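Okay, so here's the structure we're looking at.
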Amino acid sequence: MGNLATLETKRSPLAAMAERLSIDPTELQSIIKATVMPAKDSNKQPFIVTNEQLVSFMSVANAYGLDPLKREIFAFPGKGGGIQPIVSIDGWLSIINSHPQFDGMELVENFDEKKVLVSVTCTIYRKDRSRPTVVTELLKECKQNTDQWTNRPARMLRHKATIQCSRYAFGLGGIMDEDEGNYMEREVAPVYQQSTESSASAAPPEYSEADFAANLPKWRTLIEGGRKTPDQIIATVESKGLLSESQKDAVRNLVPIEVGGEFVDAAVEEFFNATA
């Protein structure tokens, strides 16, 4: 009997994580949605997690071997919709220590002449590199107005230096630390929302039928005289009011005709530019 080719079925990110964590897939999905995914967005509205977002989140967690049930990784609403994976310091340390090329790490606190902490330097060694990766993070650049940074600045700065150094040393991407997630919630998300609302409110109103009927003869004169094309008319008009599809069709039906000389009076074009 000949050899039988065995096709390996590609597991879903949920199934892969469930196997890795030794938990039932259905139960794991419910736990993650209830405890790891955000319950509310930055506007305090219910945040619905789609299956695509769940799969994306689990794929990132699996790629880095992180355990969401230990809060090594969790999710935060993204500024443009969707979710952003956030990795806690425990998660970053798990990534670093599990990397096969990791060969040790050093942290040094740096003080000024008044014995005030100013920075922390992190050095990460890799087995496959002759030189270490060294990153220094300044307190004045990293400190945030939170209880953690106010009460434990040295610890928080050590975390920040460790995270940034690990990014350079191991090329870690697609994930943020908790400080970056807090910044997104506090600064970026409101600005994005305000920008979106401003854009929506700035949209021109619909062009009225009365104005359309009154101006159509003027537009016909411009088109027939070869001074404007239908698309130019539509573009100019829609900077002041949105045309319906039937109105656009009516303008496009104003096909230019051959005329001798300058058919259009300059005053007509000036009136168009002012009233369109």
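Annotations for the structure displayed:
- With each label modelled as a point 7 angstrom along the Cα→C-beta vector, the N151-S208 pair spans 6.2 nm.
- When the C-alpha to C-alpha distance is required to be over 18 Å, the pairs from K114/K160; K70/K143; K140/K160; K33/K70; K70/K127 that qualify are K114/K160; K70/K143; K70/K127.
- The candidates S130, S88, S239, arranged from most to least accessible area with a 1.4 Å probe in the full protein assembly, appear as S130, S239, S88.
- If you wrap the Cα atoms of the stretch 61-154 in a convex hull and average its projected area over all directions, you get 8.6 nm².
- Net length gained if the chain between K114 and T35 were fully extended (0.36 nm per residue, minus Cα distance): 24.0 nm
- FRET efficiency, K143 to I23 (Cβ-Cβ, R0 35 Å, nearest 0.05): 0.35
The values are calculated or read from the model by the stated rules, or taken from the named source; none is laboratory data. Predicted model only: the values in this text are computed from it and were never measured. All Cβ positions, even for glycine, are placed from backbone atoms using ideal geometry, and neighbour counts span all protein chains on display. We work out accessible area using only protein heavy atoms, side chains counted, and drop any ligands, DNA or RNA first. Shrake-Rupley method; radii C 1.70, N 1.55, O 1.52, S 1.80 Å.
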